[in-house]
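Okay, so here's the structure we're looking at.
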């Protein structure tokens, strides 16, 4: 996603970027400032990945369904 050579972002891409921004307002703390969860075990949770945020005690763990 990016602007054309004239600096214009196509409306369909504008809509998608706004949707991503809305999603990040709700879920951004699971993405930014987090890192992979240290106890991830792929044998039990295929298609689910975890991140953890250490800014709280105990750390918050987030599940990402792929």
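Quick note: the coordinates plus some simple rules give every number you see, no bench work behind them. If you're wondering where the values come from, they're calculated on a predicted model, not measured in any experiment.
Return the calculated 222 nm mean residue ellipticity for the chain, to the nearest 500 deg cm²/dmol, obtained by summing -39500 (n - 2.57) across DSSP H runs with n ≥ 4 and dividing by the residue count. Walk me through the numbers on the way to the answer.
Numbers: 1 runs with 17 residues, N = 66.
So the helix-based figure for the chain works out to -8500 deg cm²/dmol.
To the nearest ten degrees, helix 11-27 and the longest principal axis of the Cα atoms of the chain are 30 degrees apart. DSSP beta bridges confined to the chain are antiparallel in about 100 percent of cases. Remark: the residue 63-residue 15 segment gains 14.7 nm on full extension, using 0.36 nm per residue and subtracting the alpha carbon distance.
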